[in-house]
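The structure appears right after this line, and notes come after that.
Every number here is computed from the coordinates shown, using simple stated rules; none is lab data. Just so it is clear, the structure is predicted and the values come from calculations on it, not from any experiment. Note: ideal-geometry Cβ built from the backbone for every residue, glycine included; neighbour counts use all protein chains shown.
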Amino acid sequence: MSFQHILFSIGDDGVALLSLNRPEQLNSFNTAMHLEVREALKQVRHSERARVLLLTGEGRGFCAGQDLADRNVAPGAELPDLGQSIEQFYNPLVRSLRDLPLPVICAVNGVAAGAGANLPLACDLVLAARSASFIQAFCKIGLVPDSGGTWLLPRLVGMARAKALALLGERLSAEQAEQWGLIHRVVDDAVLRDEALGLARHLAAQPTYGLALIKRALNQSFDNRFDEQLELERDLQRLAGRSEDYREGVSAFMNKRTPVFKGR
Ligand code: T3D
């Protein structure tokens with residue numbers, strides 16, 4: 001499949017780069033872009049080479065959520081079934097980012113609005129350009145935060161701030177987002193791509209199978225009781241302890257050499 005609305009590559013360094021590429025529409029999602037992102041994520045999941053995914057956007061925006069030009073709201077027109085759109089596109093997208101068995105870095109290069117503000121929250125490490133901002137724009141058009149926003153926001157920033165963001169739809173600066181614990185780190189605009197790529201390459205050389213298990217454990221922790229989480233840690237440690245990377249990590253440590261991890 002050739003891509004028209006995204007840029008996508010998997011490098012020899014193990015970094016899969018997926019950049020949303022509808023800059024004139026601030027990378028808002030139409031059906032074609034959804035389908036391309038879905039295909040790219042499928043390729044990442046099945047790739048032997050991909051060890052880390054880096055998600056970003058082209059142009060001055062990261063993603064403005066749903067392309068509203070694709071919605072016929074003319075008087076008399078039958079309103080679209082947005083539940084179906086969520087079921088068919090946004091929920092699978094967020095699930096696949098969260099469940100991808102590799103670290104997912106999101107580099108938020110500019111404004112992130114609507115579903116575009118919540119996609120980064122489903123990723124594992126979020127860097128944002130200093131000029132970037134996050135807007136829960138849904139309330140301004142009579143909609144409800146989706147793409148996991150109502151679940152992720154309160155867990156990341158607390159209920160009071162989540163409600164303020166969702167009910168007011170005000171612009172949250174990248175710096176405030178970092179201070180509130182919504183994202184990992186703010187960097188200067190000029191270095192965002194390099195910083196994100198540097199982080200991605202660093203992670204790609206790590207024991208990424210183990211990193212995927214860490215991600216799984218942390219993603220489940222809010223749903224589990226303490227005892228359940230202990231049992232999950234036991235099960236995941238069993239898997240980690242059977243990996244080639246564990247063998248390599250211990251052997252390299254004992255022999256005082258640099259480990260060479262393979263992600264399995
Ligand atoms: O429908 C379903 O399937 C349900 C699921 C919904 C998920 C959602 O994401 S709903 C929320 C949809 N998104 C929004 O409501 C955000 C709309 N956009 C904005 O509020 C603003 O554009 C921004 C705050 C993001 C940025 O503002 P600003 O002033 O920096 O840029 P701008 O001038 O508004 O936008 C630049 C261009 O992008 C402009 O086009 P033009 O005039 O230059 O030809 C604008 O129309 C276009 N654009 C921005 N966002 C969207 C969009 N075009 C279509 N859809 C958009 N969401």
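What are the ³J(HN,Hα) couplings of the range 26-39, residue after residue, when phi is run through the Karplus curve with 6.51, -1.76, 1.60 and θ = phi - 60°? Round to Hz, x for glycine and proline.
Those phi angles translate into 6, 6, 5, 8, 10, 4, 4, 5, 4, 5, 5, 4, 4, 5 Hz.
Do you know the relative contact order of the range 6-204, to the nearest whole percent, from alpha carbon pairs under 8 angstrom that are 6+ apart?
After rounding, I find 21 percent.
Let me confirm the definition first: pairs of Lys residues in the chain, 8 or more apart or on different chains, C-alpha distance under 30 Å. How many are there?
Qualifying lysine pairs in the chain: 6.
So what is the calculated 222 nm ellipticity per residue for the chain, using -39500 (n - 2.57) for each DSSP H run with n of 4 or more, over all residues, to the nearest 500 deg cm²/dmol?
-12500 deg cm²/dmol
Binning at 5 Å from 0, report for the range 208-254 what percent of all alpha-carbon pair distances ends up in each bin.
For the range 208-254, the pair-distance distribution reads 5, 22, 26, 20, 14, 8, 4, 1.
Count neighbours as other Cβ atoms within 10 Å of each site's Cβ, and list the GluC sites (Glu not before Pro) in the range 26-98 that are DSSP loop with at most 15 such neighbours.
Answer by residue number: Glu48, Glu78.
Give the long-range amide H neighbours of Gln66: residues separated by 5 or more places, or on another chain, with amide H under 5 Å away, using H modelled in the peptide plane at 1.01 Å from N.
Excluding prolines and chain starts, which carry no amide H, the hits are Phe29, Ala115, Gly116.
Pull up all non-local amide H partners of Val52: gap of 5 or more, or a different chain, and H-to-H distance under 5 Å with H placed in the peptide plane.
Ala16
Using a Förster distance of 45 Å, how high is the FRET efficiency between Ala205 and Asp235, based on the Cβ-Cβ distance and rounded to 0.05?
Calculated value: 0.95.
Can you list the HN-Hα couplings for the range 185-194, worked out from phi with the Karplus curve (6.51, -1.76, 1.60; θ = phi - 60°), rounded to whole Hz and with x for Gly and Pro?
7, 9, 9, 4, 3, 5, 10, 4, 4, 5
Using 0.36 nm per residue, how much length does the chain from Lys42 to Arg242 gain when fully extended, once their Cα-Cα distance is taken away?
Extending this stretch completely gives an extra 69.4 nm.
Please work out the Cα convex hull volume for the chain and give it in Å³ per residue.
Each residue corresponds to 144 Å³ of Cα convex hull volume.
Restricting things to Cα coordinates, could you compute the convex hull volume per residue of the range 127-264 in Å³?
146
Binned at 5 Å from 0, what are the whole-percent values of the Cα-Cα distance distribution for the range 1-44, short to long?
Cα pair-distance distribution for the range 1-44, in percent: 5, 25, 31, 20, 12, 5, 1.
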